[in-house]
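Written below as structure tokens is the structure these notes are about.
The values are calculated or read from the model by the stated rules, or taken from the named source; none is laboratory data. From a predicted model like this one, the values you see are computed outputs, not experimental measurements. Note that we place each Cβ from the backbone using ideal geometry, even for glycine, and neighbour counts take in every protein chain shown. The area values use the complete protein model at the heavy-atom level, side chains included, leaving out ligands, DNA and RNA. Shrake-Rupley method; radii C 1.70, N 1.55, O 1.52, S 1.80 Å.
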Amino acid sequence: MFGMLSPILKNGFGKPATRLYPFEKREAFDKARGQLEIDIDKCIFCGMCQRKCPSTCLNVEKAASKWELDPYNCVICGVCVEACPTKCLSLNKVYRTPVYVKENQIKIGKPPVKKTAAKENA
Amino acid sequence: MLHNQTKETNEVQTTADKLFAETQKLADNGYRFIIADVFEAEDNFELIYQFGKDYDATTLRLTVPKGAEIPSISPIFFNALLIENENQDLYGLKYKGLVVDFGGRLYMSQDEVEAPPQSMAGMNVSLVKKWNKKADTAKKEG
Amino acid sequence: MGDRRTVIPFGPQHPVLPEPIQLKLVLEDEKVVEALPQIGYIHRGLERLVKVRDFNQMVFVAERICGICSFQHAMSYCLSIERLMNIEVPERADYLRVIWSELHRVHSHLLWLGLMADAFGFEAMFMETWKIREAVVDMMEATAGSRVIISTCQVGGVRRDIAPELLQQIVKLADDVQRRVKAIEHSVLNDYTIKKRTVDKGVISKEQAWKLGAAGPVLRASGVKWDARMIGYAGYKYLNFEPVVETAGDCYARTKVRFREMFVALDLLRQAVAKIPAGEINVKVKGNPEGEAFIQVEQPRGEVTYTVKGNGTKNLEKMHVRTPTFANIPAFLTMLPGCELADVPVLALTIDPCISCTER
Amino acid sequence: MGLINNSRAKSPWVVHFDCGSCNGCDIEVLACLTPLYDIERFGILNIGNPKHADVLLVTGTVNPRNERVLRNVYEQIPEPKVVVAIGACACTGGVFADCYNVIQGVDKIIPVDVYVPGCAARPEAIIDGVVLGLQKFQEKVEKMNKKAVGN
């Protein structure tokens, strides 16, 4: 009978358990996995991320120096980040917000300068 | 050879005719049925039945040609019923004497897709194809 | 007699179960005489994906067989590949695997308890258990970065390390959860209504449970002392624990087993944190898997078995998963005849159904 | 009629249908209802009956067997209605997009208004998704009101 008393008092006078989400936002954890980001200038379009991705959400075209992500297919595992040889991919802490229309993220970068060509110029 | 986490399982080679009797023997010895697996080859199936007693496992292994009927062990172990029906669905095996026969329609019914053979023939799998497929549907919608 | 029989479809969209499964219940007045399951609403056919995904990518597919015991699915898959390739996982990775699996066990059992309470119409307890569960889920996010599907396992070890401060927080969390679950346990197990609806309902005897291949809490509630963790995979070989066993075999015993298992899991967490050594968390994997392996791992719902066959290429030839709910359905079907229609939801929940596991 | 429709957007009732997800998104939808996120404070109520509902939350991959059930549930919801696809599986098929028994996305079967990405989608994202859906719902209500006036 008295066992109930402590939870009643706690729930009656304590702070509510609810996080008042849209008004009070909680800070993300250090390790939180949010969205995939790319620093397109560093990308060499090797296609390693595309080969390692378990959900086939990446498409890299070397000829057009295009990097394409389908964020609605991405499962945010972070394998591509580990696989990237130039460390141009990263995961930020902010989760992706919902949308009305699905759109692929397309980034066009500079075509990588060929080493042999650079030597010839020099 | 099949491995358990810590040790190798004892394995018995058998045939389709002897399967029921062998299973009965294991059941009398206090074994329970764990799982039946199917490995598909060109023109035959390799079936593996796992039985367990305490922390030991025993394997019955047999090879049957495609299209042959296999005696169901579900009259002895009721729990073989689901897995045998699943194998009927996914591999087109035929079992004789199933307790409840879903007729190859446990997962997929008449008007639905058929499970592809394990060789994955007829499945659009390559990356390029998938991206083209997406582009096609986008065009149609647009 | 014939006209007293009715067939009632239970599902696929049913308020008690969030997942679609259909049961065709043959009733005689209010008594269930026969039950036939109709599954396939969630069948995805993911086992055939082994042909298009390489063995490293399959970890993430295996993980998504079930969102509740996701880490354990990934771990079982990795264990089976490691067995094929003879990889020795670093000891720290073994311990980290134990920590994450036991966190998953606690969160799964709390989730089940909430759903069970919801089936009873015990709304307050549903809210209370999910409130406690949220603390566990937060800990998973703090340690792995994601709430339910944590993607931390890989072939050859784990992908993320847990810092020492976080490990201490896990111990604190374990103490906190233990205190709060103890309070709930008292009010649940001694409640008149709950006893009335669970005691002597859906009884399975020891012999039946073993012969029907029941798994996990359903098996142990009937008095069989069998727990796949005793085989000693991952870090369990370094830790001490006893499988939880009850003998009654009814719904009440299954509830009790899950409560006690939660305490065992919390104890394992404390042990693992106390014993965890420093060192590497993964090893580099070279080559491709070849051969056959058969692995049994204890999940919150029972024992999962993975059978994999590799042929020396980067794609496996075959992967087959037998999940605990799949194993428990025959037991569930034998429990049903003789019970009343109003008991069916409670009986369904005591096997802790997870249909996405069942059909893959 | 206008008054009723206007008040519907203030207290939308949602029905949750699991097409075949891995449970990850399902438990996050349920987590939205529990004390920590508690969407009931916005007047959002989870109910089992599609005929009472305004918003349909769909999780998971669609396969040919549950496609009919999904369409059935969708058609039972009275107009105006909003469909929210939750998780990578519902948006595009996710990791299972290549499986033989998977249709790539809910939008191939029924019109989808809001896509919530993530695997599994976070409760915060689900709340955002429902709120975003409500804005669209409001537009639909206004369109319906205009039609009613026109007649």
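Residues that are more than 7 Å from chain A (Cβ to nearest Cβ), open to solvent by 10 Å² or more (accessible area, probe 1.4 Å) and within 17 Å of D:D26 (Cα to Cα) within the range D:110-129 comprise just one, D:A120. The criterion of being at pLDDT below 80, away from chain D (no Cβ under 13 Å), outside any loop (DSSP other than H, G, I, E, B) and within 25 Å of D:G48 (Cβ to Cβ) holds for C:P37.
Just to check your reading of the model, which residue among C:L269, C:L212 is aliphatic (A, V, I, L, M) and within 30 Å of C:A183 (Cα to Cα)? Going through C:L269, C:L212 in turn, just one is aliphatic (A, V, I, L, M) and within 30 Å of C:A183 (Cα to Cα): C:L269.
Being closer than 30 Å to D:A148 by Cα and crowded, with 24+ Cβ neighbours inside 10 Å, is that true of even one residue in the range D:97-109? No, there is no match, as no residue in the range D:97-109 is closer than 30 Å to D:A148 by Cα and crowded, with 24+ Cβ neighbours inside 10 Å.
A:A17: touching a residue at least 60 places away in the same chain (Cβ under 8 Å) and facing chain D (nearest Cβ under 10 Å), yes or no? No: the conditions fail for A:A17. Tell me yes or no: at least one residue of the range C:257-271 is open to solvent by 20 Å² or more (accessible area, probe 1.4 Å) and aromatic (F, W, Y). The answer is yes, given that some residue of the range C:257-271 is open to solvent by 20 Å² or more (accessible area, probe 1.4 Å) and aromatic (F, W, Y).
Here the helices (runs of 4 or more DSSP H) wholly within the range C:146-229 that include at least 2 residues being crowded, with 24+ Cβ neighbours inside 10 Å and under 20 Å from the mean Cα position of the chain (by Cα) are C:217-221. Any chance the range D:77-86 includes a residue that's closer than 24 Å to A:L36 by Cα and open to solvent by 10 Å² or more (accessible area, probe 1.4 Å)? Within the range D:77-86 (the criterion being closer than 24 Å to A:L36 by Cα and open to solvent by 10 Å² or more (accessible area, probe 1.4 Å)), the answer is no, since none of the residues qualifies. Taking the range D:38-91 as the search range and keeping residues that are within 22 Å of D:K140 (Cα to Cα) and of a type in the set (G, A, S), which one is nearest to the other protein chains (Cβ to nearest Cβ)? The extreme case among them is D:A85. Taking the range D:1-115 as the region of interest, the helices (runs of 4 or more DSSP H) fully inside it that hold 2 or more residues being farther than 30 Å from C:V50 by Cβ and without any contact (Cβ under 8 Å) to a residue 40 or more places away in the chain are D:2-10, D:24-33, D:64-76. Looking only at residues of the range A:54-64 that are open to solvent by 10 Å² or more (accessible area, probe 1.4 Å) and part of a loop (DSSP other than H, G, I, E, B), we find that the one that is nearest to D:C99 (Cα to Cα) is A:T56.
Condition check ((1) closer than 23 Å to C:M127 by Cα; (2) over 16 Å from the mean Cα position of the chain (by Cα); (3) modelled with pLDDT of 80 or more) across all residues:
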{"site": "D:G2", "(1), (2), (3)": "no, yes, no"}
{"site": "D:N5", "(1), (2), (3)": "no, yes, no"}
{"site": "D:T34", "(1), (2), (3)": "yes, yes, yes"}
{"site": "D:K51", "(1), (2), (3)": "no, no, yes"}
{"site": "D:L57", "(1), (2), (3)": "yes, no, yes"}
{"site": "D:R65", "(1), (2), (3)": "no, yes, no"}
{"site": "D:N72", "(1), (2), (3)": "no, no, yes"}
{"site": "D:P80", "(1), (2), (3)": "no, no, yes"}
{"site": "D:V95", "(1), (2), (3)": "no, yes, yes"}
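A single entry from C:R105, C:R97, C:R92 fulfils the requirement of being in a helix (DSSP H, G or I), open to solvent by 10 Å² or more (accessible area, probe 1.4 Å), more than 14 Å from chain D (Cβ to nearest Cβ) and not hydrophobic (A, V, I, L, M, F, W, C): C:R92. Against the conditions (1) touching an Asp or Glu at 6+ places or on another chain (Cβ under 6 Å); (2) under 24 Å from C:L347 (Cα atoms), C:L268 satisfies every one except (2).
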